[in-house]
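Below is one structure, written out as structure tokens; comments come after it.
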Amino acid sequence: MKKTLYIFLLLLLGVGVASAQNTIKGVLIDEEKGEAIPYAQVFLEGTNYWSTTDLNGYFVITKIPDGSYVIKVRYMGYQDYSEPVKLSHQTVTRNIHLKPSSVRLKGVVITGDKAQERKLQTQVSVEKITASQIQQMPSIGGQADLAQYLQVLPGVNSTGDQGGQLYIRGGSMIQNLTLLDGMVVYNPFHSIGLYSIFETDVILNADVFTGGFGAEYGGRLSSVMDITTRDGNKKHHTGKVGLNTFGANLILEGPLKREKSGSTSTISYLFTAKNSYLSKSSELLYPYIEGGLPFDFTDLYGKLSFNSGMGSKINFFGFRFDDRVNQYQSLADYHWVNYGTGSNFALMTGASSLVDGAVAYSKYEVTLDDGTTKPKSSSIGGFNMSLGITNFMGLNKVKYGISIEGYSTHYQYTNAYGLSRSQDENTTSIAAYVTYHANLGNWLLDPGVRFIYYASMSEPSLEPRIAAKYNITDKLRLKMAGGLYSQILLDARSDHDIVNLFSGFLTGSGQLNKPTYYQGDPVTSCVQRAQHIVAGLEYDAVDHLTLNMELYFKNFSYLLGLNHNQIYDRNDPAYVIGGIYEQPQYYLTDFIIEKGYATGADFSACYDLERLYLWATYSLGFVQRTDEVQTYSPHYDRRHTVNLLATYALGEDREWELSARWSFGSGFPFTRTAGLYESLPFGNGISTDYTTENGDMGIYYSDVYGGRLPTYHRLDLGAKRKFSLGRRSILEVSLSVTNTYNRRNIFYFDRVTFDRVNQLPILVCMGATLSF
């Protein structure tokens, strides 16, 4: 073990080993805004030497023989770039500025996405999303949002318009890792399911891994959403202000230090603010909605960027996201707040190495007041740090790094049987990983391994991962991925609520009141574990049409969760082992051991030709859990999901845009009500007169998740018109219709009063955005 750690430290220190051959490296920058250009291809004309820029615009071409070459860059939307260069055992660094093209490119264009897909990345179970893709959605509420786009991805299930909960390929919410600029975010979605906490226009890239993710990510069992924001404009002070019937947003950005002759370094700022006043506007604009729409939120984000101009940079950022639901259906007040601050950096070192890292702190607090005396509150807060080093070796590369995470959790809840649960816990983990990307002609291989040590539980976890792609032909590609995964955060959601806004955070630890045996085997661990395997095909059927199919299987071999079978107080000596009314452990413990699986198939088709964009997906999924008592399907088990999206641009300058989206989902499971009864509290003990005492309404529950809600489907339409008001000023006016044919999709059902609350009815929204 010591020898392994020693070798790993030597690797960390061995950044930038000199090469006897030539290297060309640098950064690609937008001439007009000063922003990095990701996923563009830089190549040496007439050779097989090339590279694709990363999110920071960084590129490196190594192992080039001596000689004379021409550096070429061709990227859609920009003018071509050419520069002759003569190499002789040297490293050449270039800061390349691309000028936006004044005409639309025709014919064949080399784009970064295609280069990535075919030559550079395995891209198994990952969707790479940009702000321009998100804006192709119908702008529900007058503003396109990442939350709306995620709902049309294959393998992603949503609770709908209200609730703000996404489930990815059979994983619960707690099993999804969300990163914002390298910082852990614990709840990325607002209570109204149309909005995320992220401002669309500042998203540089969002990588959504629905399974089989690589060794650089850990601590979650199911999926990863890694979001990177762009830097502020380094050339001009600009901004955007938007106003619509749902809310308003503001973006301000610009340079604090511009690039000058003899100095390429810059300093820029970026500030965003977004809020919803839907609780007030809905009373005026949508009076036909019973109970109104009491969803309000305020999102603030700020970023300060220091750039060397040659690829190295450091960012400082902070945020505060606030979400509030006031007196929903006159029953409950729900509130959460997430705030944090941090820094990340990228450093070009040596001839062909890149060092990146992040350090951040964030905290999330959530409370629910449903008018009862039963408290419901939870919080999680802590830090995360990471350091990674990438060495480029021609078309191959190796990346290795470490990460440290520490957080504290608080949880207070009372279940349907009046039994209270509470926990306060501190947890720390440290991880090291190494990944290798090998380009072997038609084969692409990404093996890796991650080692995690959960210090608070003294439990290690060794997790090998692998992804591969085989280019069968120029148009047909076979891909696969798999690996081992672990986490210690627990899902804390009531199984008896048909729809539940409240979901707390718990940490697995030796202090948990859990069974000592599961299906006859002793229980000694608090680390949950899963194994993934994914296989699929990509096929370029015709020009501009790409088909994708993936089969997946996630084996959740060891899970911890709240015990939905608990009906007795574990602290009552009458029910424990040896007590007069001795009961099995699975009726007593606060937590329960489970295992299960998620399996299915995802299909997608994308057609993208200049003015027309079409996107269609179908997902078939099966999710199952088994505890000591029963086998059941959890509340996010959706059998069929269909999404259709179409966008068309009109006008000579494409100033008009029409869009439509239709979504369908089969019903989620829920726990039926078997009956109601009067529950007497016997407040005076044996002296209670049960003939005169007033009791509470009690509920007999049927089999856990034995029922199915009705199917969900909805059609959204949108239209946009852009008006040019000058060189840098654009006014965009939008009109959207949500739930066009007014489908009555269920959101909530009161078990006692039998009142049904539906999701959003037909809503017409108008908005305007001014960019300046």
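The values are calculated or read from the model by the stated rules, or taken from the named source; none is laboratory data. It should be emphasised that the depicted structure is a prediction, and the values quoted were computed from it without experimental measurement. Ideal geometry is used to build each Cβ from the backbone, glycine not excepted, and the neighbour counts take in all protein chains shown. For the accessible areas, the whole protein counts, side chains as well, though only heavy atoms, and no ligand, DNA or RNA atoms are used. Shrake-Rupley method; radii C 1.70, N 1.55, O 1.52, S 1.80 Å.
The table below lists the values:
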quantity: Selected residue (criterion: farthest from PHE271 (Cα to Cα)) from residues of segment 246-259 that are assigned to a loop (DSSP other than H, G, I, E, B) and open to solvent by 20 Å² or more (accessible area, probe 1.4 Å); calculated: GLU259
quantity: Cross-chain or 6+ apart pairs with Cβ under 6 Å, segment 603-623 first and under 17 Å from PRO138 (Cβ atoms) and touching a residue at least 60 places away in the same chain (Cβ under 8 Å), then open to solvent by less than 60 Å² (accessible area, probe 1.4 Å) and in a strand (DSSP E or B); calculated: TYR613/THR647; TRP615/CYS606; TRP615/LEU645; THR617/SER604; THR617/ASN643
quantity: Residue selected from segment 639-663 under the condition open to solvent by less than 60 Å² (accessible area, probe 1.4 Å), in contact with a strand residue (DSSP E or B) (Cβ under 6 Å, 6 or more places away or on another chain) and of a type outside the set (A, V, I, L, M), by the criterion farthest from ALA605 (Cα to Cα); calculated: GLU655
quantity: Members of segment 260-296 found to be surrounded by 15 or more Cβ atoms within 10 Å (Cβ to Cβ), of a type in the set (Phe, Trp, Tyr) and not in a strand (DSSP E or B), listed by number; calculated: TYR286
quantity: Condition met for TYR78 (in contact (Cβ under 8 Å) with a residue 24 or more places away in the chain and out of contact with any Ser or Thr (no Cβ under 7 Å at 6 or more places or on another chain)); calculated: no
quantity: Where a residue in segment 246-258 is of a type in the set (D, E, K, R) and its partner, wherever it lies, is surrounded by fewer than 16 Cβ atoms within 10 Å (Cβ to Cβ), with Cβ under 6 Å and at least six apart; calculated: LYS257/ILE267
quantity: Matching residues in segment 744-761 - criterion: being more than 28 Å from the chain's Cα centre (by Cα), assigned to a loop (DSSP other than H, G, I, E, B) and either crowded, with 16+ Cβ neighbours inside 10 Å or at pLDDT below 90 (or both); calculated: ASP750, ARG751, VAL752, THR753, PHE754, ASP755
quantity: Enumerated strands (runs of 3 or more DSSP E) restricted to segment 154-213, each holding at least 3 residues that are within 11 Å of the chain's Cα centre (by Cα); calculated: 166-168, 176-180, 203-209
quantity: When residues of segment 75-104 are limited to those that are aliphatic (A, V, I, L, M) and at pLDDT 60 or above, the one surrounded by the fewest Cβ atoms within 10 Å (Cβ to Cβ); calculated: MET76
quantity: Residue that is nearest to SER666 (Cα to Cα) [pool: residues in segment 707-747 that are out of contact with any Asp or Glu (no Cβ under 8 Å at 6 or more places or on another chain) and β-branched (Val, Ile, Thr)]; calculated: THR711
quantity: For LYS63: the one exception among (1) more than 12 Å from GLY394 (Cα to Cα); (2) open to solvent by 20 Å² or more (accessible area, probe 1.4 Å); calculated: (1)
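Conditions (1) touching a strand residue (DSSP E or B) at 6+ places or on another chain (Cβ under 7 Å); (2) of a type in the set (D, E, K, R); (3) modelled with pLDDT under 80, marked per residue:
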| residue | (1), (2), (3) |
| --- | --- |
| GLY448 | yes, no, no |
| ILE452 | yes, no, no |
| MET457 | no, no, no |
| GLY504 | yes, no, yes |
| CYS526 | yes, no, no |
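Rundown of residues vs (1) farther than 30 Å from GLU652 by Cβ; (2) at pLDDT 85 or above; (3) open to solvent by 10 Å² or more (accessible area, probe 1.4 Å), yes/no style:
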| site | (1), (2), (3) |
| --- | --- |
| LYS106 | no, no, yes |
| LYS114 | no, no, yes |
| ILE134 | no, yes, no |
| ILE140 | no, no, no |
| ILE174 | yes, yes, yes |
| LEU180 | yes, yes, no |
| HIS190 | yes, yes, no |
| SER196 | yes, yes, no |
| THR200 | no, yes, no |
